[in-house]
Amino acid sequence: MSTRFMWATIIGLVGTTLTAADGERQLRIITSRATPAIDSITVYQTKDQKRQSVGELSKFDKPFALPNDGPFEVFAKPKGGVPIKLTKKLTVKSGETHELKLAEFIGAVEVFGDNFPRADKIVLTDERDPGPGEKGHVPVQVATEYRVDMAAPPGFYAVWIVPANGAKAQRVVDSVRVMAGKSVRVGD
């Protein structure tokens with residue numbers, strides 16, 4: 001009888017040690033009024049040079065369980081916009097919850113169209129980007145109407161307007177500084 005009790009105790013101790021060592025890793029997304037509305041957060045993990053989706057969050061009220069320590073890449077997709085990379089190599093240790101505060105990674109640009117032509121599309125690009133319709137163009141963020149917060153990582157950007165009449169895109173602002181957690185107005 002005492003032998004059974006001893007084995008049960010040993011197995012119980014080993015079992016709880018393994019559970020504690022392999023605790024749940026979680027990612028909690030903290031939103032803010034300072035950042036534009038985000039539709040979803042997607043978490044990727046790269047294995048053997050291939051990016052695989054670990055999961056997608058559309059509601060940010062509960063933490064997201066991660067399958068392992070990582071590293072992970074985390075992208076935020078604003079409403080109607082282009083996904084933004086928030087982190088490159090996020091690692092979360094066993095039993096921890098990592099809080100990712102969007103206001104530390106994203107700022108916003110709001111373009112007022114009072115002095116600009118009627119737009120089919122408003123495009124935020126790198127300052128050296130050749131512009132929409134040109135070879136090598138890479139949009140950082142897009143909007144289909146004026147007075148919409150366009151989410152972007154901190155940095156310096158150019159603002160392009162693609163006119164609704166089909167004319168060539170116009171660079172309307174050369175250098176806009178976006179800071180994390182701040183909103184910048186252009187053209188007001």
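The values are calculated or read from the model by the stated rules, or taken from the named source; none is laboratory data. Small disclaimer: the values here were computed from a predicted structure and weren't measured. With ideal geometry, Cβ positions are generated from the backbone for all residues, glycine too; neighbour counts draw on all protein chains shown. In case anyone asks, the SASA skips ligands and DNA or RNA and just uses the protein heavy atoms, side chains included. Shrake-Rupley method; radii C 1.70, N 1.55, O 1.52, S 1.80 Å.
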Criterion (surrounded by 17 or more Cβ atoms within 10 Å (Cβ to Cβ), within 19 Å of GLY155 (Cβ to Cβ) and among the charged types (D, E, K, R)) met by exactly one of LYS77, LYS88 | LYS77
Specify the residue that is nearest to ARG25 (Cα to Cα); the eligible residues are those in the stretch 57-91 that are in a loop (DSSP other than H, G, I, E, B) and among the acidic types (Asp, Glu).
-> ASP69
Which residues, counting only those in the stretch 154-179, are open to solvent by 40 Å² or more (accessible area, probe 1.4 Å) and either under 19 Å from PHE105 (Cα atoms) or among the polar types (S, T, N, Q) (or both)?
-> PRO154, PHE156, ASN165, GLN170, SER175, ARG177, MET179
Name the one entry in THR42, THR46 that is more than 16 Å from ILE106 (Cβ to Cβ), open to solvent by less than 80 Å² (accessible area, probe 1.4 Å), outside any loop (DSSP other than H, G, I, E, B) and touching a residue at least 24 places away in the same chain (Cβ under 8 Å).
-> THR46
Filtered residues of the stretch 135-147 (kept if open to solvent by 50 Å² or more (accessible area, probe 1.4 Å) and under 12 Å from ALA108 (Cα atoms)) | ARG147
Residues of the stretch 125-134 being open to solvent by less than 20 Å² (accessible area, probe 1.4 Å) and free of Cβ contacts under 8 Å to residues at least 40 places away in the same chain, which ones?
-> THR125, ASP129
Among the residues of the stretch 91-124, the number that are open to solvent by less than 10 Å² (accessible area, probe 1.4 Å) and farther than 19 Å from GLN141 by Cβ is 2
Among the residues of the stretch 99-124, which ones are within 16 Å of LYS85 (Cβ to Cβ) and in contact with a strand residue (DSSP E or B) (Cβ under 6 Å, 6 or more places away or on another chain)?
-> LEU100, LYS101, PHE105, ILE106, GLY107, LEU124
Qualifying residue in the stretch 146-153 (condition: at pLDDT below 90 and over 14 Å from SER183 (Cβ atoms)) = yes
Single unsatisfied condition, GLU110 versus (1) under 20 Å from THR35 (Cα atoms); (2) charged (D, E, K, R); (3) more than 20 Å from the chain's Cα centre (by Cα) = (3)
At least 1 residues that are under 25 Å from PHE64 (Cβ atoms) in each: list the strands (runs of 3 or more DSSP E) lying fully within the stretch 92-163 that qualify.
-> 97-101, 107-111, 139-143, 149-152
Looking at (1) free of Cβ contacts under 8 Å to residues at least 60 places away in the same chain; (2) open to solvent by 50 Å² or more (accessible area, probe 1.4 Å); (3) of a type in the set (Phe, Trp, Tyr), which is the only condition PHE64 fails?
-> (2)
Of the residues in the stretch 164-182 that are of a type in the set (Lys, Arg) and outside any strand (DSSP E or B), the one that is farthest from the chain's Cα centre (by Cα) is LYS168
